[in-house]
Amino acid sequence: MTDTATDTATDTATDTATNDGGTRRPGSILGTRVLRTEDPGLLTGSRKYVADLPLAGKLHAVFVRSDVAHGTINEIHTEVAVGMPGVVEILTFDTLGVAPHHGFATVHADFARPPLADGTVRFVGEPIAVVLAETFERGEDAAQMVWPTSTRCRRTSTPRTLWPTRPS
């Protein structure tokens, strides 16, 4: 048996099993290794990323992200960026018009989140706006000119309040 045949046999056995030794549920990718068939072509240059395709009217999306771990957005300033060359549109929660939704699995209704922060940021890096521009570089330049006025939420705990004495 060649190495490739051994790898294929191992992959098949791994893909049909779960961590607890049972069989995986049909249609579920949770806990299952997903074989990515597109990677070799992208890594060797024989295939193209969507951004590399010569599409007429193609726009590039650049996200503006929160630098606050938890806070309330009072306003998102887009005035300067909206007039920059190559910028087509800047979207925020209010202008995007997409309701909060779940990722690929619904856990509970309370876990639905909007694609852009809805006035509350919950973690550093949460998307608060998206710049649509004619080129990626112009989108990045404009994204640097978008910023929120926000109020940080007060911390409710610190390591000292959680562990008043040093754990041994």
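Readers should treat all values here as calculations from the given coordinates under stated rules, not as data from a laboratory. Small disclaimer: the values here were computed from a predicted structure and weren't measured. Heads up, the Cβs are rebuilt from the backbone with ideal geometry, glycines too, and the neighbour counts pull from every protein chain shown.
Relative protection proxy for 31-38, 109-116, from highest mean packing down: 109-116, 31-38 (other beta-carbon atoms within 10 angstrom). Taking other residues whose beta carbon is less than 14 angstrom from the beta carbon of Ala69, and scoring Lys, Arg as +1 and Asp, Glu as -1, yields +3. Rounded to the nearest 20 debye, the dipole size of segment 52-152 about its Cα centre is 240 debye, using +1 on the Cβ of Lys and Arg and -1 on the Cβ of Asp and Glu. Whole-Hz Karplus values for segment 109-122 come out as 4, 5, 8, 5, 10, x, x, 10, 3, 9, x, 10, 9, 10 Hz, taken residue by residue from phi with 6.51 cos²θ - 1.76 cosθ + 1.60 and θ = phi - 60°; glycine and proline positions read x.
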